[in-house]
């Protein structure tokens, strides 16, 4: 079974390869009546796109969304929504020498061992190009969550290599290509990346997403925990090697008296749990983070083998990011949105007629 579908009630199936004629997705389970127009996708796809700065791949795709089904007279009909984005700037010749060679740190070897065949052009299905359609599906999810429940989902880059923000301003995040919340550090980030590129190397990053307005009660107590499904969603993104909910691994060094989120009639006194307890949302902001590995496509020679098992030296050419986390914020936002809309619909289906039970503690 090929696992290309994400979600239960709000299910998204993506298709296409990096250098194929097009990529796309089918969204099944979107509630009817949601206003939807091709222009709704422009902002988030532009945020994810390459070429926003000199520090990202200079592949320039138009990323124009075509709505093929599921929308009539500007509103969703409740039937499957098919979205298509045509590839317009693929350069397959950059990968001609990799057809029989495995790039270290990539999915080349594992795809070949699993399927016995692979598309070497830009990584094929394993390319980050696939995440374009996750962002497109996330646009639909974000729009419904905001309109129906008042949920707002925002992300930012919380770390690049050894650098972390020294100040925080949400308004600054969308005013720079790094999604960085400390505008005073932008020149420092530029210099840092310039040094990385001069060394013909790459660096990792951390992206944090915050969802405000999520009501208490989303999630399941055992196998459908909200935090476990958020973790699975973020881990499914290319190059993610770790996920944290709330304080995450920092809780290892914390004492119980510090970590537990005490409650008063006026609200929670902290949010170390990241807005989720027992797999169910508390009504506080949902806070999740993803760690992205350094880009494996490097101009420096690296040892590998070819499909015959012979040792080879690999030098990756083409257009690549020195830090894949630079464009990851809208992708992480989209995956959080897809989990939340799926759980919102699942909660409505099972517990939609459950009235207010006990005191509601302010988030």
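Nothing in this text is a laboratory measurement; each read-out follows from the coordinates by a stated rule. Computed from a predicted model, the values in this text were never measured in an experiment. Reconstructed Cβ throughout: ideal geometry from the backbone, glycine too, with neighbour counts over all protein chains shown.
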Fill in the blank from the handout: Taking every alpha carbon pair in the stretch 176-296 and sorting the distances into 5 angstrom bins from 0 up to the bin holding the longest one, the percent per bin comes out as 2, 10, 15, 18, 18, 14, 10, 7, 4, 2, 0, 0
Problem - Estimated [θ] at 222 nm from DSSP helical runs (n ≥ 4, -39500 (n - 2.57)) normalised by residues in the chain, nearest 500 - result: -7500 deg cm²/dmol
Fill in the blank from the handout: Quick calc of log₁₀ I(q)/I(0), the stretch 205-246, Debye, one scatterer on every Cα, no solvent, q values 0.34 1/Å, result -1.28
Practice task
Can you tell me the relative contact order of the stretch 109-255? Whole percent, Cα pairs under 8 Å, sequence separation 6 or more.
Solution key: 21
Exercise for the section: Rounded to whole Å and sorted largest first, list the principal axis extents of the Cα atoms in the stretch 101-238. Expected result: 50, 42, 26
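Given Cα positions, please report Rg to Rh for the stretch 5-351, the hydrodynamic radius being the Kirkwood one.
That ratio equals 0.97.
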Practice task
For the stretch 5-351, calculate the relative contact order in percent as a whole number, restricting contacts to Cα pairs under 8 Å that are 6 or more residues apart.
Solution key: 22
Handout entry: In degrees, nearest ten, helix 329-351 long axis to first principal axis of the chain (Cα)
Key = 40
Problem - Span from the the stretch 172-215 Cα centroid across to the the stretch 114-165 one, whole angstrom - result: 16
Handout entry: Principal-axis tilt of helix 186-198 within the chain, Cα atoms, nearest 10 degrees
Key = 30
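By average Cβ neighbour count within 10 Å, what is the ranking of 127-136, 7-16 from highest down? Present the calculation step by step, with values, prior to reporting the outcome.
Numbers: 127-136: 24.4, 7-16: 19.8.
Top to bottom by mean Cβ count within 10 Å: 127-136, 7-16.
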Exercise for the section: Quick one: angle between helix 131-149 and the longest Cα principal axis of the chain, in degrees between 0 and 90, rounded to 10, please. Expected result: 10
